[in-house]
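Just so you know, all these numbers are worked out from the coordinates, no wet-lab data involved. Please read all numbers here as calculations on a predicted model, not as lab measurements. Ideal geometry is used to build each Cβ from the backbone, glycine not excepted, and the neighbour counts take in all protein chains shown.
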Amino acid sequence: MMENGRFERVTIHPDWRQFIIEELPTMLLAAVMLIIGGLDQMEMKSIFFCIGLVLVFVAYYRYVYLRGTEYTITDEQLVYEHGVFSRSRDYIELYRIVDYDEKRSFLQMLMGLKTIWVHSGDRTSPKVRILGVPENRDIVHILRERVAYNRSRMNIHEFANYI
């Protein structure tokens, strides 16, 4: 992974299957509302149809948001970029990262995905959720390696007081 003392940049985008996991209820409800809104004998069918359309637009917005989310691990930082109508970019210095968690819901296990939680001493972003990572990508190992490198490079040592 290291070339000439530097690490290569790793970019992660949430997998499209994560959208299915998160928005399945919304999509099913939208389909039901659109079907009910299309029935001729139904009273107030236009209201059901409008609710269905709103749910479709909400699901589409969430899809665009998820697909536009990007996590980049550089030599020194974890960069989290997100947003649709305006973009935000959060930077976490790697030497500030203190812990990692990998979590998998039942649907994520079925789809072969995982969520990685990164815990840091950063004030603005103490927790970052890296969502929709394929289960075969070892992001925690990449982060651990770079965190250790940056801590030793900056001569930062962690002292814990365990009783």
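Of the candidates Tyr65, Tyr100, Tyr95, the single residue that is surrounded by 15 or more Cβ atoms within 10 Å (Cβ to Cβ), touching a residue at least 24 places away in the same chain (Cβ under 8 Å) and either within 15 Å of the chain's Cα centre (by Cα) or in a strand (DSSP E or B) (or both) is Tyr100.
One residue stands out in the stretch 77-92 among those that are surrounded by 15 or more Cβ atoms within 10 Å (Cβ to Cβ) and among the aromatic types (Phe, Trp, Tyr): the one that is farthest from Arg137 (Cα to Cα), namely Tyr91.
Taking the stretch 122-136 as the range and being surrounded by 13 or more Cβ atoms within 10 Å (Cβ to Cβ) and under 28 Å from Ile156 (Cα atoms) as the test, the residues that pass are Asp122, Ser125, Pro126, Val128, Arg129, Ile130.
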